[in-house]
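Working notes, beginning with the structure itself.
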Amino acid sequence: MLRELHIKNFKSWADSGKIRVAPLTIFCGNNSSGKSSIFQFLLMLKQTVESYDRQRVLHLGEKDLLVDLGTYRDMVFKHNEENKIEFNFIFDTGNIKIVDATTTNSGGLYSKLKFEATVFLEKKLNKITVDKLNYTLLNGNEMSFGLTPKQGKYELKAENYSAKKQRGGVWQLPQPENFFGFPDEAIAYYQNTSFFSVITLKTWLQ
């Protein structure tokens with residue numbers, strides 16, 4: 001369940017600040033104060049997750065979909081294509097158990113998770129691109145995993161966990177799946193990252 005969201009550089013919002021979410025949440029405010037933009041953002045993410053195209057970072061919409069936001073320029077704050085859109089969420093995920101497959105050591109159970117992402121318009125390709133994505137498991141003993149660009153590819157970053165590479169092979173990773181998913185290679189290239197698929201499932205695909 002979504003518990004908190006924070007959005008930057010989307011439509012009328014330079015920075016939404018942290019918005020806490022409960023089972024019943026009511027948004028109040030003047031006309032044109034940005035209430036509908038929050039819902040449009042969430043609907044855009046929903047239709048992206050439900051899209052069959054895993055190469056499309058954000059599905060901005062088209063006729064008969066949940067929302068149609070036009071182009072990157074249409075939705076970015078002040079229509080400034082230099083702005084990066086940043087967002088993060090905190091979710092209740094149920095219990096995620098982390099076990100290091102190379103040692104069988106348990107990292108414990110995690111019932112809360114923070115997801116962060118930054119996207120931008122890569123002008124040469126006229127394509128929305130992931131600048132970073134990161135998952136942080138929260139239970140007092142934080143553990144995080146994410147992807148950041150490196151020389152046209154991506155590299156895996158982990159904190160408080162040692163991702164062990166398979167022997168041989170190429171370690172740079174292809175682009176993420178949509179805005180949220182680790183590519184298959186992020187599991188194939190490492191001995192102990194198979195739980196990445198569980199994290200993605202618990203967060204976005206249930």
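The values are calculated or read from the model by the stated rules, or taken from the named source; none is laboratory data. All values derive from a computational prediction rather than experimental measurement. For neighbour counting, all protein chains shown are included, and Cβ atoms are generated from backbone atoms with ideal geometry for every residue, glycine included. What goes into the accessible areas is simple: the full protein's heavy atoms, side chains included, and nothing from ligands, DNA or RNA. Shrake-Rupley method; radii C 1.70, N 1.55, O 1.52, S 1.80 Å.
Only one entry in GLY108, GLY94 is part of a strand (DSSP E or B), within 17 Å of GLU159 (Cβ to Cβ) and open to solvent by less than 70 Å² (accessible area, probe 1.4 Å), namely GLY108. Checked against (1) part of a helix (DSSP H, G or I); (2) open to solvent by 20 Å² or more (accessible area, probe 1.4 Å); (3) of a type outside the set (D, E, K, R), PHE41 passes all but a single condition, namely (2). When PHE120 is tested against (1) over 28 Å from ALA188 (Cβ atoms); (2) in contact with an Asp or Glu (Cβ under 6 Å, 6 or more places away or on another chain); (3) of a type in the set (Phe, Trp, Tyr), only condition (1) is not met. Out of all the residues in the range 117-160, which are among the acidic types (Asp, Glu) and over 19 Å from GLU81 (Cβ atoms)? Within the range 117-160, GLU142, GLU155, GLU159 qualify. Inside the range 112-169, residues that are assigned to a loop (DSSP other than H, G, I, E, B) and under 25 Å from LEU201 (Cβ atoms) make up a count of 10. Remark: LEU138 matches the filter, which requires a residue to be in contact with a Phe, Trp or Tyr (Cβ under 7 Å, 6 or more places away or on another chain), open to solvent by 20 Å² or more (accessible area, probe 1.4 Å), of a type outside the set (Ser, Thr, Tyr) and at negative phi. Among the residues here, SER162 does not qualify as polar (S, T, N, Q) and open to solvent by less than 40 Å² (accessible area, probe 1.4 Å).
The residue of the range 1-56 that is modelled with the highest pLDDT, among those that are out of contact with any helix residue (DSSP H, G or I) (no Cβ under 8 Å at 6 or more places or on another chain) and β-branched (Val, Ile, Thr), is THR48. Counting only residues that are open to solvent by less than 20 Å² (accessible area, probe 1.4 Å) and either farther than 15 Å from LYS157 by Cα or under 15 Å from the mean Cα position of the chain (by Cα) (or both), the range 183-193 holds 1 of them.
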